[in-house]
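Novice: Below is one structure. I have some questions about it.
The values are calculated or read from the model by the stated rules, or taken from the named source; none is laboratory data. Keep in mind that what you see is a predicted model, and the values were worked out from it rather than measured. With ideal geometry, Cβ positions are generated from the backbone for all residues, glycine too; neighbour counts draw on all protein chains shown.
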């Protein structure tokens with residue numbers, strides 16, 4: 001019954017935009033989304049304790065791990081780190097549990113994700129490298145720095161969806177929201193309909209960014225935001241990871257951050273609607289010797305600041321060796 005209702009909703013979205021043209025556009029958008037993943041870089045597989053782990057390995061020079069955020073995969077990791085590749089870094093971007101070609105294990109928690117990252121490093125013959133985690137990807141990045149301190153050369157959480165002392169847990173979703181989370185996140189048709197019929201709302205909610213900032217940004221930044229937004233598709237290949245991220249970002253672990261020994265730079269944006277600036281400040285206040293950099297505006301996807309953020313990260317990584 002639920003599957004039938006989901007099909008009806010998707011069909012209604014198609015009809016509302018004009019059935020023939022809408023079906024053509026839907027198929028084109030899905031094709032483009034799959035093509036963008038393929039074009040991001042060669043998708044590789046490495047053994048791990050949870051089975052094959054998908055990753056991309058792009059660039060020459062000092063290696064680093066780039067851990068993607070919610071709705072991503074290795075392609076989003078490469079998009080986040082493209083300027084670091086241009087700066088001469090080698091970026092290793094895994095797909096986390098339940099995203100694209102990486103399996104979803106019985107234990108999908110942050111510690112298990114951290115251990116799978118260590119397995120990936122083993123398979124690549126890497127002993128100690130910097131770890132960068134964006135948004136929900138900052139949670140396993142922190143877990144990695146705690147569980148594998150001897151392998152963490154530096155730690156960079158960006159707009160971290162991590163623990164904030166005193167922040168109450170969000171209330172459980174109402175029945176409609178719960179249905180959308182459980183079933184809507186599985187539907188490419190519904191996400192496509194949202195992109196076509198409610199783009200500004202999706203930027204405001206899914207990307208936690210003021211749509212006016214995006215519309216006023218330079219063309220290259222608009223293209224980057226569009227790539228992040230459209231990169232959620234095909235959601236049918238990512239829904240297990242999305243649901244897992246929703247769980248952990250809603251109630252992130254209170255890690256013993258004072259035990260982290262790696263040089264740390266926490267970065268966020270004041271007007272991020274996910275309120276990650278408070279999380280970045282908590283990391284910097286708790287991790288010994290950590291630095292924090294909070295930009296005044298740009299939202300969760302740091303609109304208008306990609307170049308300066310990646311330049312700052314590159315400088316930081318070179319300073320720590």
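Novice: Within segment 94-111, track down each residue that is free of Cβ contacts under 8 Å to residues at least 40 places away in the same chain and part of a loop (DSSP other than H, G, I, E, B).
Specialist: Within segment 94-111, the first condition is being free of Cβ contacts under 8 Å to residues at least 40 places away in the same chain, and the residues that meet it are 106-107, 111.
Correct list: 106, 107.
Novice: Kindly list, by first and then second residue, each pair from a residue in segment 148-165 that is at positive phi and surrounded by 24 or more Cβ atoms within 10 Å (Cβ to Cβ) to a residue that is part of a loop (DSSP other than H, G, I, E, B) and modelled with pLDDT under 95, limited to pairs with Cβ atoms under 9 Å and residues at least 6 apart or on different chains.
Specialist: 159/208; 159/274
Novice: Hey, another quick one. Could you please find all residues in segment 94-132 being touching a strand residue (DSSP E or B) at 6+ places or on another chain (Cβ under 6 Å) and closer than 30 Å to residue 303 by Cα?
Specialist: Scanning segment 94-132 gives 94, 95, 100, 101, 102, 129, 130, 131, 132.
Residue by residue, here is whether (1) modelled with pLDDT of 95 or more; (2) under 22 Å from the mean Cα position of the chain (by Cα); (3) within 28 Å of residue 205 (Cα to Cα) holds:
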site: 15; (1), (2), (3): no, no, yes
site: 20; (1), (2), (3): no, no, no
site: 33; (1), (2), (3): no, yes, yes
site: 36; (1), (2), (3): no, yes, yes
site: 67; (1), (2), (3): yes, yes, yes
site: 81; (1), (2), (3): yes, yes, yes
site: 94; (1), (2), (3): yes, yes, yes
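Novice: Name, by its number, the condition in (1) closer than 22 Å to residue 98 by Cβ; (2) buried (at least 18 other Cβ atoms within 10 Å of the Cβ); (3) modelled with pLDDT of 95 or more that does not hold for residue 227.
Specialist: (2)
Novice: Out of the residues in segment 41-63 that are part of a loop (DSSP other than H, G, I, E, B) and buried (at least 20 other Cβ atoms within 10 Å of the Cβ), which is modelled with the highest pLDDT? Before you say what the answer is, go through the steps one by one.
Specialist: First, the residues of segment 41-63 that are part of a loop (DSSP other than H, G, I, E, B): 41-43, 47-52, 59-62.
Within this subset, residues satisfying the condition of being buried (at least 20 other Cβ atoms within 10 Å of the Cβ) are 48, 59.
On the way: 48: 89, 59: 95.
Checking each candidate, the answer is 59.
Novice: Give me a count of the residues in segment 157-166 that are modelled with pLDDT of 95 or more, assigned to a loop (DSSP other than H, G, I, E, B) and farther than 15 Å from residue 256 by Cα. Spell out how you get there, then give the answer.
Specialist: Looking only at segment 157-166, we keep the residues that are modelled with pLDDT of 95 or more, and these are 157-165.
Narrowing the set further to residues that are assigned to a loop (DSSP other than H, G, I, E, B) leaves 159-165.
Still in the running and farther than 15 Å from residue 256 by Cα: 159-161.
So the answer is 3.
Novice: Quick check: anything in segment 285-295 in contact (Cβ under 8 Å) with a residue 60 or more places away in the chain, crowded, with 20+ Cβ neighbours inside 10 Å and outside any loop (DSSP other than H, G, I, E, B)?
Specialist: The answer is no, given that none of the residues of segment 285-295 is in contact (Cβ under 8 Å) with a residue 60 or more places away in the chain, crowded, with 20+ Cβ neighbours inside 10 Å and outside any loop (DSSP other than H, G, I, E, B).
Novice: For segment 64-88, which residues satisfy the criterion of being touching a residue at least 60 places away in the same chain (Cβ under 8 Å) and in a loop (DSSP other than H, G, I, E, B)?
Specialist: Answer for segment 64-88, where residues must be touching a residue at least 60 places away in the same chain (Cβ under 8 Å) and in a loop (DSSP other than H, G, I, E, B): 68, 69, 70, 71, 72, 73, 81, 87.
Novice: Next up: Only one of these conditions is not met by residue 67: (1) under 16 Å from residue 153 (Cβ atoms); (2) surrounded by fewer than 20 Cβ atoms within 10 Å (Cβ to Cβ); (3) touching a helix residue (DSSP H, G or I) at 6+ places or on another chain (Cβ under 8 Å). Which number is it?
Specialist: Condition (2) is where residue 67 drops out.
Novice: Further question on the same structure: Can you tell me which residue within segment 249-284, out of those that are touching a helix residue (DSSP H, G or I) at 6+ places or on another chain (Cβ under 8 Å) and without any contact (Cβ under 8 Å) to a residue 60 or more places away in the chain, is surrounded by the fewest Cβ atoms within 10 Å (Cβ to Cβ)?
Specialist: Result: 258.
Novice: Moving to a separate point now. Is it the case that residue 304 is more than 17 Å from the chain's Cα centre (by Cα), in contact (Cβ under 8 Å) with a residue 12 or more places away in the chain and assigned to a loop (DSSP other than H, G, I, E, B)? I'd like the intermediate steps shown before the answer.
Specialist: Values: more than 17 Å from the chain's Cα centre (by Cα): yes; in contact (Cβ under 8 Å) with a residue 12 or more places away in the chain: yes; assigned to a loop (DSSP other than H, G, I, E, B): yes.
It is true that residue 304 is more than 17 Å from the chain's Cα centre (by Cα), in contact (Cβ under 8 Å) with a residue 12 or more places away in the chain and assigned to a loop (DSSP other than H, G, I, E, B).
Novice: When the residues of segment 23-40 are filtered to those that are free of Cβ contacts under 8 Å to residues at least 40 places away in the same chain and over 16 Å from residue 76 (Cβ atoms), which remaining residue is surrounded by the most Cβ atoms within 10 Å (Cβ to Cβ)?
Specialist: From segment 23-40, those free of Cβ contacts under 8 Å to residues at least 40 places away in the same chain are 23-24, 27-28, 31, 35, 38-40; that's our starting set.
In the following step, the residues that additionally are over 16 Å from residue 76 (Cβ atoms) were identified as 23-24, 27-28, 31.
On the way: 23: 14, 24: 11, 27: 11, 28: 11, 31: 11.
Here the residue is 23.
Novice: Another question about this same structure. From 138, 143, 154, grab the single residue that is assigned to a helix (DSSP H, G or I), at pLDDT 95 or above and in contact with a strand residue (DSSP E or B) (Cβ under 7 Å, 6 or more places away or on another chain).
Specialist: Every option except 138 fails the conditions.
Novice: Ok, one more. Going by the structure shown, is residue 91 outside any loop (DSSP other than H, G, I, E, B), crowded, with 18+ Cβ neighbours inside 10 Å, touching a residue at least 40 places away in the same chain (Cβ under 8 Å) and touching a strand residue (DSSP E or B) at 6+ places or on another chain (Cβ under 7 Å)? Break it down into steps so the answer makes sense when it comes.
Specialist: On the way: outside any loop (DSSP other than H, G, I, E, B): yes; crowded, with 18+ Cβ neighbours inside 10 Å: yes; touching a residue at least 40 places away in the same chain (Cβ under 8 Å): no; touching a strand residue (DSSP E or B) at 6+ places or on another chain (Cβ under 7 Å): yes.
Considered against the rule, which asks whether it is outside any loop (DSSP other than H, G, I, E, B), crowded, with 18+ Cβ neighbours inside 10 Å, touching a residue at least 40 places away in the same chain (Cβ under 8 Å) and touching a strand residue (DSSP E or B) at 6+ places or on another chain (Cβ under 7 Å), residue 91 comes out as no.
Novice: Closer than 13 Å to residue 273 by Cα and outside any helix (DSSP H, G or I): is that true of residue 204 in this structure? Don't jump to the end; show me each part of the working.
Specialist: On the way: closer than 13 Å to residue 273 by Cα: yes; outside any helix (DSSP H, G or I): no.
Answer is no for this residue.
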